[in-house]
Amino acid sequence: MQVLQGIPVSSGVVIGRITVLDDVASPRVPRRPIRPDAADAEVERFEAARAASIEELNLLHREAQEEMGDEAAKIFLFHIGALADARSVSDPISAMIRDELVTAEHATWRVFHELAKRFAAKRDSTFQTKVSDLMDLQSRVIRHLVGSRIGQPRRLERDTVIVARDLTPSQTAAFDRDRIVAFATDLGGRTSHTAIIARALGLPAVVGCHALLSAAEEGQTVIVDGTLGAVILDPDDETIEKYRSLDVAARARLELLAELADEPAVTIDGTEVELLGNIEFPDELTKVLAAGGTGVGLYRTEFLYLTSDRPPTEDDHYAAYAECVQLAAGRPLTIRTMDLGADKYTQRQAETPERNPFLGLRSIRYCLQNLPMFKAQLRAILRASAHGPIRVMFPLVTSVAEFRRARMILRDAMEDLDELGQPYDREMPVGMMVEVPSVALMAPTFAREADFFSIGTNDLVQYTLAVDRTNERVASLYVPTHPAVLKLIRDVVRASNRYEIPTSCCGEAAGDLEFAPLLLGLGVRTLSVTPSGIPQLKRLIRALSLSDCERIAKKAISFDSETEAADYVRDHLRKLAPEAFDGRAVDQRTGHEA
Ligand code: PEP
Ligand code: MG
């Protein structure tokens with residue numbers, strides 16, 4: 001038995017068997033044994049990946065021919081030829097899988113690696129120049145193999161726990177929920193979108209485990225404790241028994257919490273709090289309502305791009321939004337325009353990676369440079385607004401000019417619909433995320449322009465403290481209770497009150513039991529959180545008074561250090577509402593059970 005500690009990002013406990021997703025970008029794919037009876041399936045998997053690669057290369061060849069002519073496109077013919085060459089590539093790979101009983105990924109990696117070594121050793125420079133092409137081919141086939149593990153459910157057994165170096169949000173969103181029960185990765189942070197998706201899907205998950213990939217074995221039994229951030233390889237009987245009873249206790253707690261679904265979220269001194277849900281897929285709206293949420297405060301529409309091989313059309317957008325409006329049945333529904341880029345990228349963006357993606361062409365910046373795509377989304381949102389109330393908001397606004405430009409494009413979209421005689425809500429509120437310090441610092445200016453604010457703490461914390469939200473190495477520096485962050489939030493709320501526009505908070509911190517009371521104390525009255533987080537947040541709100549929240553927020557903001565602020569908040573809240581913290585919880589800094 002081996003216990004690895006990581007960052008807990010999605011609570012719950014699961015016992016399953018490991019499937020490793022090897023890393024395409026890594027320079028080496030480790031040797032992983034397979035069972036003898038799995039060899040045929042593994043060879044088939046390789047053949048499918050080879051066929052998919054050839055198909056992709058044929059397409060690239062045609063595109064290159066059209067754009068750059070025959071000569072430039074020739075390189076793809078070499079790639080196709082190499083993959084079709086049974087003697088040097090496919091036969092040795094199949095033979096290695098069968099003879100050595102290793103995964104298709106490892107065999108592909110080794111055969112290409114050895115071929116590249118032979119090419120590099122030749123005197124003839126035409127061979128030497130082909131080495132990087134072979135490496136390119138190698139990663140193309142492995143990428144298809146890794147994709148096929150997720151995409152072909154027949155090959156995954158029930159109770160599969162995915163272990164990987166890292167996972168993208170789109171990989172996670174494509175998980176087959178009937179078979180994949182949890183995941184654990186070496187990299188990642190608590191507010192990365194991969195973690196957010198894990199919570200949305202209700203999959204226990206641990207990220208930032210550092211050495212898990214090298215320790216894990218294919219098919220090994222594993223426990224993923226997404227509440228405490230432990231990954232236990234090859235657990236002994238006693239540990240399995242302990243986790244089985246923890247699971248039973250957790251289910252009983254959830255049943256108790258479910259009884260609160262129809263109760264209002266109101267503090268003991270009578271302040272009403274609006275509890276909304278964050279969603280990535282329309283069908284999550286049902287989960288929000290079942291959990292006792294009263295609408296949607298953030299619909300992350302970029303997942304329409306991330307869960308499909310082709311970009312969505314205006315009608316795809318419309319279908320998703322119309323479904324949401326129908327399910328919301330008159331309740332609040334805030335649709336955020338696409339927040340692509342950073343850790344959420346389309347296939348096209350993946351082909352030209354940015355050096356610094358969180359500071360790069362993401363969100364509203366990307367939309368403003370891709371106007372036909374942006375306008376199609378805006379038209380779809382407007383069309384859906386004819387069926388019920390919708391608010392639209394723009395992500396990652398950093399300047400007033402940007403917000404005005406986005407509004408202008410929205411007006412263009414309205415004119416398009418006017419010309420077509422399509423109905424829409426002319427008064428649809430237009431708001432913005434407050435998730436960069438420049439906006440928080442100039443909140444009064446933005447409050448004169450926008451119809452509402454939604455504070456995005458995931459990014460606001462990252463940009464204020466200069467801490468990458470996806471990087472496990474700096475996870476301990478990612479502290480939402482940092483007084484600098486609290487001061488920015490306080491000023492945003494003040495500005496919104498002064499200009500009488502509503503402000504909500506939809507970052508992950510809004511659902512954090514140690515942070516939400518601070519938001520209430522700073523004047524936020526609408527919290528939008530992951531659906532599964534609604535019941536416990538409601539229980540906490542009902543156990544606190546607003547005056548307690550105000551007192552704690554006032555004190556926390558006065559500290560010089562974020563550690564003192566975090567300790568103070570944790571201790572005080574647990575004294576005030578011990579029953580709201582009854583579950584197993586981890587101290588994020590020490591990693592010990594709190
Ligand atoms: C945020 O930044 O807090 C937010 C809600 O947006 P996202 O997590 O999608 O970047
Ligand atoms: Mg954000």
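Laid out as a table, the results:
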read-out: Residue in region 553-567 that is nearest to Phe515 (Cα to Cα), counting only those that are loosely packed, with under 15 Cβ neighbours inside 10 Å and under 30 Å from the mean Cα position of the chain (by Cα); value: Thr563
read-out: Any hit, region 390-409, residues being away from ligand 1 (no atom under 16 Å from the Cβ) and either in contact with a Gly (Cβ under 6 Å, 6 or more places away or on another chain) or in a loop (DSSP other than H, G, I, E, B) (or both); value: yes
read-out: Qualifying residue in region 478-486 (condition: part of a loop (DSSP other than H, G, I, E, B) and free of Cβ contacts under 8 Å to residues at least 12 places away in the same chain); value: no
read-out: Selection count, region 101-120, where residues are within 12 Å of Glu42 (Cα to Cα) and part of a helix (DSSP H, G or I); value: 5
read-out: Residue match in region 257-264 (condition: touching an Asp or Glu at 6+ places or on another chain (Cβ under 8 Å) and either over 24 Å from Lys344 (Cα atoms) or in the same structural domain as Val14 (by TED's automatic domain parsing) (or both)); value: yes
read-out: Some residue of region 306-326 being within 16 Å of ligand 2 (Cβ to nearest atom), within 19 Å of Val529 (Cβ to Cβ) and within 16 Å of the chain's Cα centre (by Cα); value: no
read-out: Any strands (runs of 3 or more DSSP E) falling wholly within region 1-95 and containing at least 3 residues that are β-branched (Val, Ile, Thr) and either assigned by TED's automatic domain parsing to the domain that holds Val161 or buried (at least 19 other Cβ atoms within 10 Å of the Cβ) (or both); value: 13-21
read-out: Residue among Gly360, Gly421 that is without any contact (Cβ under 8 Å) to a residue 40 or more places away in the chain, at positive phi and outside the structural domain of His144 (by TED's automatic domain parsing); value: Gly421
read-out: Evaluation of Ile409 against (1) closer than 29 Å to Thr168 by Cβ; (2) surrounded by fewer than 16 Cβ atoms within 10 Å (Cβ to Cβ) (one fails), failing number; value: (2)
read-out: Matching residues in region 279-307 - criterion: being in a helix (DSSP H, G or I) and surrounded by fewer than 16 Cβ atoms within 10 Å (Cβ to Cβ); value: Thr286, Ala290
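The values are calculated or read from the model by the stated rules, or taken from the named source; none is laboratory data. Predicted model only: the values in this text are computed from it and were never measured. So basically every Cβ, Gly included, is an ideal-geometry build from the backbone, and we count neighbours across all protein chains shown.
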